[in-house]
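Report on the structure given below.
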Amino acid sequence: MYLIAGLGNPTKEYEQTRHNVGFDTIDILADKHSITVTERKHKALCGKGMIGNEKVLLMKPQTFMNVSGESLRDAADFYKIDPAHIIIIYDDINLEIGQLRIRTKGSAGGHNGVKSIIAHLGSQEFPRIKVGVGAKPDRMDLAAYVLSRFSQTERSVMEDAFRDAADAAEMMLIDGAAAAMNRYNGKKE
């Protein structure tokens, strides 16, 4: 079984913000594979289904971003899922808007949600899909930036990025992480 978690913050207040790109991507992945992500379990909204020949648990942690690891650890322990089978989808301010970067392991890179996951899983050895939300403007507080919404033009680019990130997660399960990295890592055209 694989666990695919999109990071974000719960409640309507945070919908469609830069920090919630993981939730937006999970919604597209769930819709594409007819998986309902509404069961409240493991401090998250969850849904089980199949992608290719793999059983998956799709998750949207409801713990708020900075303590996402609590939710993932609970689910990983319950289903006995190895970190290598946990795919995290989240925002990255170091990537251009809509750009993807897939990694099979690594540090948190300053992302508090990923820091929490590393701390709770006791490992950096989990695959992740970073979705670019653009660099913070000068003189703007980082928290204010990641909790801001995209402009109409940016949102159009991001809708494509969400579909690409969902397709990348699917490809990681079916064809492997290397195939997904070869296809999706790189600059937006």
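Secondary structure note: in the chain, about 55% of the DSSP beta bridges are antiparallel. Result for the chain in a Gaussian network model with C-alpha springs under 10 Å: among Asp138, Asp164, Asp31, the largest mean-square fluctuation is at Asp138.
Only protein heavy atoms count here; on that basis, with a 1.4 Å probe, Phe162 has an accessible area of about 0 Å². How charged is the neighbourhood of Ile102? Take every other residue with its Cβ under 13 Å from the Cβ of Ile102, and add Lys/Arg as +1 and Asp/Glu as -1. So the environment of Ile102 carries a net charge of +1.
Report, in listed order, any pair from Lys32/Lys105; Lys32/Lys136; Lys43/Lys105; Lys80/Lys115; Lys12/Lys105; Lys12/Lys32 with a Cα-Cα distance greater than 28 Å.
Values: Lys32/Lys105 26 Å; Lys32/Lys136 32 Å; Lys43/Lys105 24 Å; Lys80/Lys115 21 Å; Lys12/Lys105 31 Å; Lys12/Lys32 23 Å.
With Cα atoms farther than 28 Å apart: Lys32/Lys136; Lys12/Lys105.
Counting DSSP beta bridges with both partners in region 85-134, what percentage is antiparallel, nearest 5? Walk me through the numbers on the way to the answer.
Values: 4 of 9 bridges.
Once the DSSP bridges in region 85-134 are tallied, antiparallel ones form about 45 percent.
Straight-distance candidates among the aspartates and glutamates for linking to Lys48, with alpha-carbon spacing under 19 Å and chain neighbours fewer than 8 residues away dropped: Asp24, Asp27, Asp31, Glu39, Asp74, Asp77, Asp82, Asp167, Glu170. Per residue, the accessible area of the chain comes to 48 Å² when a 1.4 Å probe rolls over the protein heavy atoms.
Below 15 angstrom from the Cβ of Ser71, what's the summed charge of the other residues (Lys, Arg +1; Asp, Glu -1)? Please list the in-between numbers first.
Details: positive: Arg40, Lys41, Lys43, Lys60, Arg73, Lys115; negative: Glu39, Glu70, Asp74, Asp77.
Neighbourhood net charge equals +2.
State the Cα centre-to-centre distance between region 27-102 and region 153-182 in whole Å. After rounding, the separation between the Cα centres reads 14 Å.
Percent of accessible area on the chain owned by carbon and sulfur, 1.4 Å probe? Each step should come with its number before you reach the end.
Details: 4180 of 9000 Å².
Whole-percent figure for carbon plus sulfur exposure: 46.
Taking a Cβ cut-off of under 11 Å around Arg155, the surrounding Lys, Arg, Asp and Glu residues balance to a net charge of -2, with basic ones at +1 and acidic ones at -1.
Of Pro61, Pro83, Pro137, the residue with the greatest mean-square motion in the GNM of the chain, using alpha carbon springs below 10 Å, is Pro137.
Of the residues Gly176, Gly113, Gly98, the one that moves most in a GNM of the chain with alpha-carbon contacts below 10 Å is Gly176.
For Met140 and Asn53, a Förster radius of 41 Å and the Cβ-Cβ distance give a FRET efficiency of 0.35, rounded to the nearest 0.05.
The values are calculated or read from the model by the stated rules, or taken from the named source; none is laboratory data. Just so it is clear, the structure is predicted and the values come from calculations on it, not from any experiment. Glycine also receives a Cβ, built like all others from the backbone with ideal geometry; neighbour counts cover every protein chain displayed. The protein model used for the area step is the full one, side chains on, heavy atoms only, and it has no ligands, DNA or RNA in it. Shrake-Rupley method; radii C 1.70, N 1.55, O 1.52, S 1.80 Å.
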